[in-house]
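Before any comments, here is the structure.
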Amino acid sequence: MNAELNTPTAAGSGEQPVDPVATGKSACVIGAGFGGLALAIRLQSAGIQTTVVEARDKPGGRAYFWERDGFTFDAGPTVITDPDCLKELWALTGHDIAEDVELMPVMPFYRLHWPDGTQFDYSNDEEQLFREIAQLNPADVAGYQRFLEYSEAVYEEGYVKLGHVPFLDFKSMIKAAPALAKQQAWRSVYSMVSSYVENEKLREALSFHTLLVGGNPMKTSSIYALIHKLEKDGGVWWAKGGTNRLIAGMVKHFERIGGTVRLHDPVVHIHTLGKHVTEVETHSGWRHRFDAIASNADIMHSYKDLLAGSKRGADYARSLSRKSFSPSLFVVHFGIEGTWPGIPHHMILFGPRYKGLLEDIYDHGVLPQDFSIYLHHPTVSDASMAPEGMSTFYALVPVAHMGKLAVDWEEMGPLLEKRILDELERRLIPDIHSRIVTKFHYAPRDFAMDLNAHMGSAFSLEPVLTQSAWFRGHNRDDVLDNFYLVGAGTHPGAGIPGVVGSAKATAGLMLEDLAV
């Protein structure tokens, strides 16, 4: 059996939707994040009776949301790229994503702003982009074009060829090594960008993207430069009503084709027998046997806690404890009076330092006085996210995870929240404090408590070369032959395209293993 079984050739082909043909096999997916739901849709589309078990009261994982005082606040992620990888999930059974989700283009993709007032709008409008680059340094226009050629090459190798392929043994890594070496994958994104452009601000503009998947631009493999090609071809999108509406659409489609979602009932144990996982047990006492089990939960939580009592769980948890994990995030959600058409959907407000700030977060584990802010302003695209005449925002800053930064977030949270809002007041919204209708923040300890995220990491394993592909958590466990991983902790990594790609890789293995 393979992922193409029981599916039409393409969405929009004129064929009628196809109901999955039951195979008599069953699977459980633990966690209703993007990766878990994408995997569940693929399995159910192929006739595997699939149940998703989610700990929280709403699906989404990191794409959770809150409704407060008439405002809708997405927890994140907020940048949707490669919409085709999402559309494919509906196309498996002849449906169209537009039945359930309205995707809206975002332009510019990002507005970048520096403390000296310099502003740069990044998009895939080439003429406009070249003008923006020329304002920083005319000589860098040609350099950017060469960088884009490099991005296209690593996109082909790292995303098209390898992004959906599971790396289950070292031989598969060796096989991929020549192509990766040809693209100088050992170099960092920042180093590679710097070889093409001279202007420091442009170097920051072309390398910050790795932060959106938890990677340090100074250390993350240059393969991640593929993000530029991904955005150039596919654009940047927004789901009307919030990222949560994309999650809701995935749930609706999954249930439409016969899947089951069990909410607000955390899995507490995965039972094993020899080299097999057998049953899932939840906090409520519900216990069920499945032919295969996949975890979209945090990778350390999956092995250390859910597989507690098994030798494999203990062994791999020890191995994971020696790996480096991505930083956490501190996010201030706030709703304010007024509309702000001059503030685009996505902004990056760079601080006075770049490399030094990254070293503080990733290496030193300190909470610096300065910071760079990712500002999300959905109401400029979608007024439904706030009451009439008001606006929804969130301001996000990367911070070290709790293993490196041992602060009391009960005490530090309100202080950092005020510092972030003060900076926005100084640079963007002069009377922000007096306009705030509602606000709250989300800190590393919330990632740890709500998502069982190891040390409060927001993106699981750090995406360095020595923790990529075969060196990451494997899509199928090496010992437990019917236990699988999906999501940020496995190949290819974090971000919506990454975890949806992991679902494709994992589904291929599961369908092959479950073939009669």
Item to check | Residue that is nearest to Gly335 (Cα to Cα) [pool: residues in the stretch 382-396 that are assigned to a helix (DSSP H, G or I) and among the hydrophobic types (A, V, I, L, M, F, W, C)] | outcome: Met385
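Out of the residues in the stretch 457-474 that are more than 17 Å from the chain's Cα centre (by Cα) and of a type outside the set (A, V, I, L, M), which is surrounded by the most Cβ atoms within 10 Å (Cβ to Cβ)?
Keep residues of the stretch 457-474 that are more than 17 Å from the chain's Cα centre (by Cα), which gives 465-466, 470-471, 474.
Going one step further and asking which of them are of a type outside the set (A, V, I, L, M), we end up with 466, 470-471, 474.
Values: Thr466: 11, Trp470: 16, Phe471: 16, His474: 21.
Here the answer is His474.
Identify all residues within the stretch 484-516 that are farther than 30 Å from Trp186 by Cβ, surrounded by 23 or more Cβ atoms within 10 Å (Cβ to Cβ) and touching a strand residue (DSSP E or B) at 6+ places or on another chain (Cβ under 8 Å); write none if there are none.
Within the stretch 484-516, just Met510 meets the criteria.
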Next on the checklist: For the stretch 442-451, check the following and say yes or no: at least one residue is under 18 Å from the mean Cα position of the chain (by Cα) and surrounded by fewer than 19 Cβ atoms within 10 Å (Cβ to Cβ).
Outcome noted: yes
Item to check | Some residue of the stretch 96-119 being at pLDDT below 95, under 23 Å from Trp237 (Cβ atoms) and in a helix (DSSP H, G or I) | outcome: no
Next on the checklist: Looking at the stretch 245-257, can you tell me whether even one residue there is in contact with a strand residue (DSSP E or B) (Cβ under 7 Å, 6 or more places away or on another chain), more than 24 Å from Thr490 (Cβ to Cβ) and touching a residue at least 12 places away in the same chain (Cβ under 8 Å)?
Outcome noted: yes
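Taking the stated definitions as given, is Lys252 of a type outside the set (S, T, N, Q) and at pLDDT 95 or above?
Spelling it out, Lys252 is indeed of a type outside the set (S, T, N, Q) and at pLDDT 95 or above.
Have a look at Ala308, Ala292 and point out the one that is without any contact (Cβ under 8 Å) to a residue 40 or more places away in the chain and of a type in the set (Gly, Ala, Ser).
The unique qualifying residue is Ala308.
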Checklist outcome for this item: Taking the stretch 266-281 and the residues there that are within 14 Å of Leu480 (Cα to Cα) and part of a strand (DSSP E or B), the one that is nearest to the chain's Cα centre (by Cα) would be Ile270
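The values are calculated or read from the model by the stated rules, or taken from the named source; none is laboratory data. Fair warning: this is a prediction, and the values are worked out from it, not measured in the lab. As a convention, Cβ positions derive from the backbone with ideal geometry for all residues, glycine included, and neighbour counts pool all protein chains shown.
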